Amino acid sequence: MIFKEKGTFILKEFALRALNQAQLLGAGYADIRIVCRRFETINVRNGYVAALSNDETDGFGVRVLFDGAWGFASSSFIEADEIDRVTALAVAIAKASRLASRHRVDLGPPVVSVGKYRTPVLVDPFEISIERKIDILLKADAAMRAVKGISLTDGSIGCLRETKLFASTEGAFLEQELIETGAGIEATAVGAEDVQKRSYPMSFGRQQGKIGFEMVEELDLVGNAERVATEAVQLLTAPPCPTGKKTLILDATQLALQIHESIGHALELDRVFGMEASYAGTSFVSPEMREKFLYGSPIVNVTADATAPGGLGTFGFDDEGIPAQRVPLIVNGRFENFLSSRETAARLGMQSNGTMRADGWNRIPLIRMTNINLEPGDSTLEGLISDTEDGLFLETNKSWSIDDKRLNFQFGTEMAWEIKKGKKGKLYKNATYTGMTPQFWASCDAICNRDHWRVWGVPNCGKGQPSQTAHVGHGAAPARFRDVQVGV
Amino acid sequence: MMDKDMGRGICEKILSASKADQTEILIYSNDAKLTRFADSEIHQNVAESESEVRIRVVLEAQGKRIGVASTNQLDERSLKETLERAIELARFQPENPEFVSLPGPLPFKAVGSHVERTARFGAEERAAVVSIVCRKALESKLIASGAFLTAERGILVANSLGTFAHHRGTCAEFSTVVMGDDSSGYAGYLSLDAGEIDGEKLALEAIQKALASRNPLSVEPGKYTVFLEEYAVNELLNYLAYPSFGAQSFLDGSGFMAGKLDQRITGEKISIWDDGNDPSGIALPFDFEGVPKEKVFFLDEGTAKGVAYDSFTANKAGKKSTGQALPAPNPDGPTPINLFMRPGKSSKEELLEGIDKGLWITRFHYVNHISAKESILTGMTRDGTFLIEGGKVTRPIKNLRFTENILEAFKRVEGISRKTKLEPGFFGILGGNRVPAMVIRDFSFSGKTEF
């Protein structure tokens, strides 16, 4: 833990040394992040602890602009000589960037934020003993294994503490301590030719947020374990989901991923400008569509909110020093704003809305989703089901895929409930649905209210080269969509 | 880059300080540099340098208990604290009755996969190659984007049973997407040697595709004979292999290999194996537990032959580790990272000439499982999709979504190219796959998009 060992005063001296060195070498702009990340993870499988680890990674990264071209270098060795070497390397790399450069980078107005931020938590997850965490997982695991027909059980708790210092030649100086807690369970039933899984509270291993251990207590993994396992066994013998054009009600966790793939990524301004073209792709959305394009029906309101309490995409300042903010992306169905950085916003004559985040000390910040939230409507889930004549209620993501402009998507879910004449009926398995982004969101005719709404965490959002994994959030409540193609 | 002697010194210190019954140290060193370009100019240009020390300890009092901790700080205090953290984690957890032991020392044969030129390749040299691609794209009124990575890696594994294994290697990967208003083309190349990256050749490949794919025609989803370039075959192979070729899913029944050994599960033209000692791949002669890698056949002429084991799953199954462990802790089990597909006898030109009507697929995008057990995948085509008529590529088409059972599709393979290409594995360039191009009959497309 480099912050504890060296102290903020010495690290600040290191940071100023790097910035000074960069300027002496001719950099027009420089920033440095010194980051310490500690991650504790516990995986329980089939009644025993399958993985128990405590990983710590410390280092620093220096980002410079030289003659309008970017360079970045990083190292895990935080000492004065290495700061000098890495800073000089960052400048040398920036000089090489000029060899294939057509435009000078403009960052827009200077950012001079000075401040501190710490994730507010009731219970620091690192203060909870390993025994307590293992005990919760083993009890949930035992309750799942007690259900006849269950072959595999998994449970995990993960806790992250990231301490970081940011300083720039413009005068920004920030200290942040971000804390995350996550937990979840999965039960798998294996048949001769079929495998069915149920997850709680969501798939991807666990629900995660910028929140303390209180979230794990609230999730009540043990209390939900038997139900989850029973549903997995039921799925083995459930009939396959019928295909055709259907009315769908998506649960909030599936909707979270739908928002992620078909709205969040599509509105990243670096993708729009082609900066991710060769890897993750571009976007069907263009700057000319701002304030004109109908992204969804009039009840679709989407906000990027880096201030949402407990959201996995919540922070104090982004990795360019911009304060966290709440930004409307889609208002009454109309597209309003992109997710932006200083560089991309300046190209539109705008200011960054603070979404640049780096996956650790050895990565540059990229535009990443914060908490991309579908604002709640006024329905209840019970009301929505009773108001649906013929449809399906789909729960919990199982599979996802979308084209490189974020138009054609296909998702699969763990559960599919028949809805007939306003009542939940038969359980189906292996449901998939497919569509095109604008048509799908235009078909949204009801969203559940705030009682059903919460911010769900997606801790595995991949982007960039070298690859980066972002922790992002999506506020969602169940919602209804008409005439969606189910199955292939 | 940490050298072997420095790594040995760190391991000796940790092993002599450890009071655990068994102790394992994995040191992974990485010096990587990557230049990214978009809109025909460099927009990101980065370098990183790190050595991570990962310690796994086993306590045997009252049953086996395992703890893992890691750090990238190499001073004595940090290493000592990391060892203590690992022991503390192990102490607090219940017994794992399925764990037997860390692997003992086994001899392995060193395999050369380090190219000094790659290790020394600089930012200006990367920029020079990128400049060629950008310039050529602009000359064709197209936009180039892509990335050029060079990396030098060191892996050292030591344990208290006497295992000591060290390997260092390099790799270089270049990829580019060249785009027009309504078209795009892809080219990529992976090698141990950065000097083999030929900017002119790769630019030409991507530019030709981008020019040829202008004004695409919309075709209806359905079943088509497809010519899959190596890039596309590699995507299918990665997603086929990852959930099912390791012992974990074999033993728990969730993978498609479970219960199928010695049964023909796909077409006889399909043979797939893992070989960490083959220098034509991204060779690594031992795994992350220091166990020598064996050549493991998963599919031999369509018949399921075996799966990959690490020491944990091998002990559980009463088998021998095949040397496919990933770094601990790894609850998902062993995974092959050096895959090979058996080539065929035809040239790519001959394969194309044999297609009366079909589709040419350059690569797939965002492939994912619908059902790993049934090997059903979905994904989109990307960066060069064309109609084939009368044995020739005739027209560009808009991109399609496939949804297909891959083992079933491999039963309909009509031909496989005799040349293979090195492509990134499931975990990127941690490993590499050597794959051919192939022609498959009645490949299922379930949807289409607007570009």
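A few points about this structure:
- In summary, A:Ser401 fulfils each of the numbered conditions (1) in contact with a helix residue (DSSP H, G or I) (Cβ under 6 Å, 6 or more places away or on another chain); (2) closer than 23 Å to A:Gly313 by Cα with the single exception of condition (1).
- Among the criteria (1) of a type in the set (A, V, I, L, M); (2) open to solvent by 10 Å² or more (accessible area, probe 1.4 Å); (3) within 14 Å of chain B (Cβ to nearest Cβ), the one A:Leu366 does not fulfil is (2).
- Looking only at residues of the range B:18-54 that are aliphatic (A, V, I, L, M) and facing chain A (nearest Cβ under 10 Å), we find that the one that is surrounded by the most Cβ atoms within 10 Å (Cβ to Cβ) is B:Ile42.
- Search result, residues across the range B:326-380 that are within 14 Å of chain A (Cβ to nearest Cβ), open to solvent by less than 30 Å² (accessible area, probe 1.4 Å) and hydroxyl-bearing (Ser, Thr, Tyr): B:Thr362, B:Ser371, B:Ser375, B:Thr378
- Taking the criterion of being touching a residue at least 12 places away in the same chain (Cβ under 8 Å) and either among the hydrophobic types (A, V, I, L, M, F, W, C) or within 16 Å of A:Ala358 (Cβ to Cβ) (or both), the residues of the range B:28-48 that qualify are B:Ala32, B:Leu34, B:Arg36, B:Phe37, B:Ala38, B:Ile42, B:Asn45, B:Val46, B:Ala47, B:Glu48.
- Any hit, the range B:231-252, residues being open to solvent by less than 20 Å² (accessible area, probe 1.4 Å) and in contact with a Lys or Arg (Cβ under 7 Å, 6 or more places away or on another chain): yes
- Within the range B:258-273, being in a loop (DSSP other than H, G, I, E, B) and either closer than 28 Å to B:Glu152 by Cβ or open to solvent by less than 30 Å² (accessible area, probe 1.4 Å) (or both) holds for B:Ala258, B:Ile265, B:Thr266, B:Gly267, B:Ile270, B:Ser271.
- Failed condition for B:His166, given (1) within 29 Å of B:Lys33 (Cα to Cα); (2) assigned by TED's automatic domain parsing to the domain that holds B:Thr118; (3) open to solvent by less than 20 Å² (accessible area, probe 1.4 Å): (3)
- If you go through the range A:317-329 and keep only what is open to solvent by less than 10 Å² (accessible area, probe 1.4 Å) and either under 20 Å from A:Leu160 (Cα atoms) or under 19 Å from the mean Cα position of the chain (by Cα) (or both), you end up with A:Asp318, A:Asp319, A:Glu320, A:Leu329.
- Condition check for A:Ser467: under 22 Å from the mean Cα position of the chain (by Cα) and farther than 22 Å from B:Pro221 by Cβ: yes
- Matching strands (runs of 3 or more DSSP E) fully within the range B:348-451 where at least 2 residues are closer than 12 Å to B:Leu228 by Cβ: B:357-371, B:376-389, B:400-405, B:413-425, B:428-448
- Residue in the range A:36-51 that is more than 8 Å from chain B (Cβ to nearest Cβ), within 25 Å of B:Asp75 (Cβ to Cβ), open to solvent by less than 10 Å² (accessible area, probe 1.4 Å) and out of contact with any Phe, Trp or Tyr (no Cβ under 6 Å at 6 or more places or on another chain) present: no
Yes or no, residue by residue, for (1) at pLDDT 95 or above; (2) within 13 Å of another protein chain (Cβ to nearest Cβ); (3) under 28 Å from B:Phe37 (Cα atoms):
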position: A:Lys12; (1), (2), (3): no, no, no
position: A:Ala15; (1), (2), (3): yes, no, no
position: A:Leu24; (1), (2), (3): yes, no, yes
position: A:Phe72; (1), (2), (3): yes, yes, yes
position: A:Glu79; (1), (2), (3): no, yes, no
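- Taken as a whole, the condition of being crowded, with 24+ Cβ neighbours inside 10 Å, in the same structural domain as B:Phe256 (by TED's automatic domain parsing) and at pLDDT 95 or above applies to B:Glu289.
- A count restricted to the range A:347-363 and to residues that are outside any loop (DSSP other than H, G, I, E, B), open to solvent by 20 Å² or more (accessible area, probe 1.4 Å) and within 19 Å of A:Phe315 (Cα to Cα) stands at 1.
- Residue within the range A:281-300 that is open to solvent by 10 Å² or more (accessible area, probe 1.4 Å), part of a strand (DSSP E or B) and assigned by TED's automatic domain parsing to the domain that holds A:Asn460 present: yes
- Looking at B:Gly276, B:Gly302, B:Gly255, B:Gly323, just one residue is over 30 Å from B:Leu89 (Cα atoms), out of contact with any Leu (no Cβ under 7 Å at 6 or more places or on another chain), open to solvent by less than 10 Å² (accessible area, probe 1.4 Å) and more than 14 Å from chain A (Cβ to nearest Cβ), and that residue is B:Gly302.
- Considering the range A:368-454, the qualifying strands (runs of 3 or more DSSP E), each wholly inside and each with 1 or more residues that are among the polar types (S, T, N, Q), run over A:372-374, A:390-402, A:408-420, A:431-436.
- Checking B:Leu377, B:Leu430, B:Leu352, B:Leu400 one by one, the residue that is within 30 Å of B:Pro279 (Cβ to Cβ) and assigned by TED's automatic domain parsing to the domain that holds B:Gly302 is B:Leu430 and no other.
- Helices (runs of 4 or more DSSP H) wholly inside the range B:57-159 that include at least 2 residues being at the interface with chain A (Cβ under 9 Å from one of its Cβ atoms) and at pLDDT 95 or above: B:76-92, B:123-139
The values are calculated or read from the model by the stated rules, or taken from the named source; none is laboratory data. What you see is a predicted model; the values in this text were computed from it and never measured. All Cβ positions, glycine included, derive from the backbone under ideal geometry; neighbour counts span all protein chains shown. The area values use the complete protein model at the heavy-atom level, side chains included, leaving out ligands, DNA and RNA. Shrake-Rupley method; radii C 1.70, N 1.55, O 1.52, S 1.80 Å.
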